[in-house]
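Peer 1: This is the structure I want to talk about, given as C-alpha cells.
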Amino acid sequence: MFFVKTLQDTLPLHPSYFGAHARQYITDLLYTRNEGRNTGVMIILAIIDIDDISEPKIIPGTGMAEYNVSYRAIIWRPYKGEVVDGLVSNVVGTGFFVDVGGLNVFVSKAMIPIELKYTVEGSTPSFTDNIDQTIERGSQVRLRIKGIRGEMGQMYAIGSIREDFLGVLMQ
C-alpha cells in the first residue's frame, strides 16, 4: 500500500563541502541516498519535500559534520493479504518467482490452482492448463501476499494465485 510518511535521516558532510552551498549538498545527498531505497520494511519511492535540516554537529576526530534531516516521502509498504500485480521472473518445479517492484514473491505449487501443471516444453518451463492459461517467464500475474519477511535492504514474500480473480493477466 502507498503512504506519505515523514522520515528522518542523519547525513554526514565532508569538510570540503563546507561553505555557502552546504545545504544544497545535503539536499542532493538526501535524494541520491534515499530515493528508491529498500529498507527491508518499505521502499522509498520519491521524496516530496524536506521539512527541516538541522544545524550541523561536528563529529569529533573526523572534522566531518552531520545533519539531521526530516523529510516527507511517498513509500510503498506491502501488507499480508494485499493483492498485487507482478512479472514472473523465474519458473521452477516447486513454483515460480514474481517481481513486484522491489519485492520478490515466491508462489509455491501448493498455492497454484490444481488445473495448472508444471511442464517443460523445449527449454521453457511453465505452469499451464493446456487451454488458455500459461505461466512462464515474462508473464504478468495477479497474486495475494500471504506472508512477508524483511532483511536489511531486501524484502521477500510468499504469495498465492489459488483464489478467484487471481492468476495470469490476459494480454
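The numbers here are math on the coordinates, done by the rules we state, and not lab data. Predicted, not measured: the structure shown is a model, and the values here were computed from it. A quick note on method: Cβ atoms are made from the backbone with ideal geometry, for glycine too, and the neighbour counts reach across all protein chains shown.
Peer 1: Can you give me the angle between helix 22-34 and the longest principal axis of the chain, using Cα atoms only, in degrees from 0 to 90, rounded to the nearest 10?
Peer 2: 20
Peer 1: Related question: Sort out the exposed loop chymotrypsin sites (Phe, Trp or Tyr not before Pro) in the chain (DSSP loop, at most 12 other Cβ within 10 Å) and tell me the longest stretch that has none.
Peer 2: Values: sites that count: TYR79, PHE165.
The longest uninterrupted stretch comes out as 80-164.
Peer 1: Taking only Cα atoms and a 10 Å spring cutoff, compute GNM fluctuations for the chain and point out the largest among ASP85, ASP49, ASP132.
Peer 2: ASP132
Peer 1: About its Cα centre, what dipole magnitude does segment 1-106 give when the only charges are +1 on Lys and Arg Cβ and -1 on Asp and Glu Cβ, stated in debye to the nearest 20?
Peer 2: On the way: 8 positive and 11 negative charges, 34 e Å.
Charge dipole of segment 1-106: 160 debye, to the nearest 20.
Peer 1: What fraction of the Cα pairs in the chain, stated in percent, has a spacing above 18 angstrom?
Peer 2: Working: 9629 of 14535 pairs.
Considering the chain, 66 percent of its Cα-Cα pairs are separated by more than 18 Å.
Peer 1: Between segment 119-141 and segment 38-93, what is the C-alpha centre distance in whole Å?
Peer 2: 36
Peer 1: Mind putting a number on the dipole of segment 111-171 about its Cα centre? Charges go on the C-beta only, +1 for Lys and Arg and -1 for Asp and Glu, and I need it in Debye to the nearest 20. Could the numbers behind the result be given before it?
Peer 2: Details: 7 positive and 8 negative charges, 58 e Å.
The calculated dipole for segment 111-171 is roughly 280 debye.
Peer 1: Then there is this: Could you tally the net charge around PRO78, taking each other residue with its Cβ under 15 Å from the Cβ of PRO78, Lys/Arg +1 and Asp/Glu -1?
Peer 2: Details: positive: LYS5, ARG77, LYS80, ARG142, ARG144, LYS146, ARG149; negative: GLU82, ASP85, ASP99, GLU151.
It works out to a net charge of +3.
Peer 1: Within a Cβ distance under 15 Å of LYS117, other residues only, what is the Lys/Arg minus Asp/Glu net charge? Please list the in-between numbers first.
Peer 2: Details: positive: LYS109, ARG162; negative: GLU115, GLU121, ASP129, ASP132, GLU136.
Cβ neighbours under 15 Å give a net charge of -3.
Peer 1: If Lys and Arg each add +1 and Asp and Glu each add -1, what is the summed charge of the other residues whose beta carbon sits under 14 Å from the beta carbon of SER89? Can you show the working numbers first?
Peer 2: Numbers: positive: ARG137; negative: ASP85, ASP99, GLU136.
Result for the local shell: -2.
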